[in-house]
Amino acid sequence: MNKILITGGAGFLGSHLTEKLLKEGNDVLVVDNYFTGSKENVAHLLSNPRLELMRHDVTFPLYVETNQIYNLACPASPVHYQYDPVQTTKTSVHGAINMLGLAKRTRARILQASTSEVYGDPEVHPQPEEYWGKVNPIGIRSCYDEGKRCAETLFFDYNRQHNLDIKVVRIFNTYGPRMHPNDGRVVSNFIVQALQGKDITIYGDGQQTRSFCYVDDLIDAMVRMMNSEEGFTGPVNIGNPGEFTMLQLAETVLRLSGSKSKIIHQPLPSDDPKQRQPNIELAKAKLGWEKHFDRIRSFVLRAGRTTAGQQRAIDELGPQFLVQFQDKVLCLKETFGGSTNPKILEIGFGMGETTAKIAALRSDDDFLAIEVHPPGVGALLKLIGENNLTNLRLIRHDAVEVLEKMIAPNSLDGIHIYFADPWHKKRHHKRRLIQASFVKLLVSRLKPGAYLHLATDWHNYAEQMLLVLNAESDLENTSTEKIRIETFSATDVAGEIKLAKESFKEFKPTLEQLDARHSGYVERPVYRPITKFENRGLKLGHGVWDLVYKKK
């Protein structure tokens, strides 16, 4: 077990690193000044006795005991690092000096989170670690670029002069949960603009490229680097060697969100690099690492901040009702204090009103509810406290990973998925969640005889759900009615599209399905309350479709 210090540990990357290191049984001290980081990012970890938080600015010395240091502290998006460029430079340079001084005193191994920005606007493609880069030392981005280059210099000088055990990684573009929605980085920018119906802004012609690495892969590489053989210092490139143009990324976001936003072009800012792609051969050879995640995740970033009441509920009730994500099977009986009551999983509970009402009505059942949106988690925790609910536990994480890693096969008595993927997609039928592979995963976690209940207010999506679920051989539709498909036509018959150098399967029915009569929908079960949005839609004549299946 190590005593590990993470500077910037409440930020996007730092919070994921904290989560992983705690899972491995380490003592972790998170140091952050909360300029870009947030306690919200580590709220789900606060019940862990091995975690300690400290508000501190790394431009000032720190006196603690540690044997490993991850130095991540520094604003990493243009919006944040250009807000106070002098402080950005000081954070990189003074922060490096102070952390290196701490490592020298404690003889700790120290890892510097450097950046692909040290390559500037590269003339070599893809960029190997030996490339020195092409960087403007006095441009508007230089506070970040040159600050990181200086930090690397300091690390290697301390290694040569003081025999300090250093590690340096150069991080390329990374995405995943807990990205700040307003940080100005391209992934979050495009997603927020699409969800808000605003024009997606591309600078220049959109042919400049970036590579995007999923955060879990990035964190895995950092930990591997920290634990690599003594004497191997790096620097090592960490990133996804797959390359996207900005135009391809924007088109991908539009397709996955179903947004009607338009793509507009504006002049390219100065110093914006035209190409960025890592050569990761050194990471493969020395760390045994390469990226693993190519798939589309089952959720998208949602903007919004928790209210004071929601945050108070997270702080006060989180330790009791929030379950930490873990890379091992969860004991459901222990999670609910030894209860042997039936276990129901809900995926995507939104703001939690429906979940709380069902849990109150069905007090003899235990409910494990999954959501990635922090305000929703806070809102449901608040309802748990107000209604004295004891049969609810929450997980703030991606549902696919929770199902794969934490839920044992044949362990659930029911699954609820209500009003998933609410963005209407009139021009195509791609869905992020209810697809055949995901349904098989759901079914594998249900006990024989257990039920799967879905609801949607979108007729076209209801028909997709119906066709996908009816095609699953291990499920039986409980409906007695027979219907025909109405919202798909012969032009929607099975096919595949190509996008951004990867093949994305999209749902399309077969001609046989269009011609057939299918087992249909059920009346709304009495335990599912009508939401205020649903009620408003019903008054306007909109439909709501419930589907209930049993595992054979």
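The values are calculated or read from the model by the stated rules, or taken from the named source; none is laboratory data. Quick caveat, the model's predicted, so the values are computed rather than measured. Cβ placement follows ideal geometry from the backbone for every residue including glycine, while neighbour counts extend to all protein chains displayed.
Below are the figures for this structure:
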{"read-out": "Output for the stretch 2-34, where each listed residue is part of a strand (DSSP E or B), charged (D, E, K, R) and surrounded by fewer than 24 Cβ atoms within 10 Å (Cβ to Cβ)", "value": "LYS3, ASP27"}
{"read-out": "Test: residue in the stretch 127-135 that is in contact (Cβ under 8 Å) with a residue 24 or more places away in the chain and more than 29 Å from the chain's Cα centre (by Cα)", "value": "no"}
{"read-out": "Residue match in the stretch 199-216 (condition: part of a loop (DSSP other than H, G, I, E, B) and hydrophobic (A, V, I, L, M, F, W, C))", "value": "yes"}
{"read-out": "Sole exception among (1) within 32 Å of the chain's Cα centre (by Cα); (2) modelled with pLDDT of 85 or more for ARG484, by number", "value": "(1)"}
{"read-out": "Spans of helices (runs of 4 or more DSSP H) in the stretch 323-407 with at least 2 residues in contact with a Gly (Cβ under 9 Å, 6 or more places away or on another chain), crowded, with 18+ Cβ neighbours inside 10 Å and not acidic (Asp, Glu)", "value": "374-387"}
{"read-out": "Residues located in the stretch 40-53, provided they are free of Cβ contacts under 8 Å to residues at least 60 places away in the same chain and out of contact with any Asp or Glu (no Cβ under 7 Å at 6 or more places or on another chain)", "value": "VAL42, PRO49, LEU51, GLU52, LEU53"}
{"read-out": "Number of the condition not met by LYS291 [criteria: (1) more than 17 Å from the chain's Cα centre (by Cα); (2) of a type in the set (D, E, K, R); (3) surrounded by 21 or more Cβ atoms within 10 Å (Cβ to Cβ); (4) at pLDDT below 95]", "value": "(1)"}
{"read-out": "Verdict on PRO61 being free of Cβ contacts under 8 Å to residues at least 12 places away in the same chain and not charged (D, E, K, R)", "value": "no"}
{"read-out": "Condition check for GLY231: in a loop (DSSP other than H, G, I, E, B) and within 30 Å of GLY288 (Cβ to Cβ)", "value": "yes"}
{"read-out": "Long-range neighbours under 8 Å by Cβ, at least six apart or interchain, first residue more than 23 Å from GLU404 (Cα to Cα) within the stretch 336-363, second of a type in the set (Lys, Arg) and in a loop (DSSP other than H, G, I, E, B)", "value": "THR354/ARG528; ILE358/ARG528"}
{"read-out": "Sole residue being surrounded by fewer than 19 Cβ atoms within 10 Å (Cβ to Cβ), charged (D, E, K, R) and on the phi < 0 side of the Ramachandran plot, chosen from LYS148, LYS104", "value": "LYS104"}
{"read-out": "LEU247 vs. criteria more than 24 Å from GLY9 (Cα to Cα), without any contact (Cβ under 8 Å) to a residue 60 or more places away in the chain and either outside the structural domain of GLU117 (by TED's automatic domain parsing) or of a type in the set (Gly, Ala, Ser) (or both)", "value": "yes"}
{"read-out": "Residue in the stretch 123-146 that is in contact with a strand residue (DSSP E or B) (Cβ under 8 Å, 6 or more places away or on another chain) and within 22 Å of GLY11 (Cα to Cα) present", "value": "yes"}
{"read-out": "Any hit, the stretch 188-197, residues being surrounded by fewer than 23 Cβ atoms within 10 Å (Cβ to Cβ), in contact (Cβ under 8 Å) with a residue 12 or more places away in the chain, in a loop (DSSP other than H, G, I, E, B) and outside the structural domain of ASP398 (by TED's automatic domain parsing)", "value": "yes"}
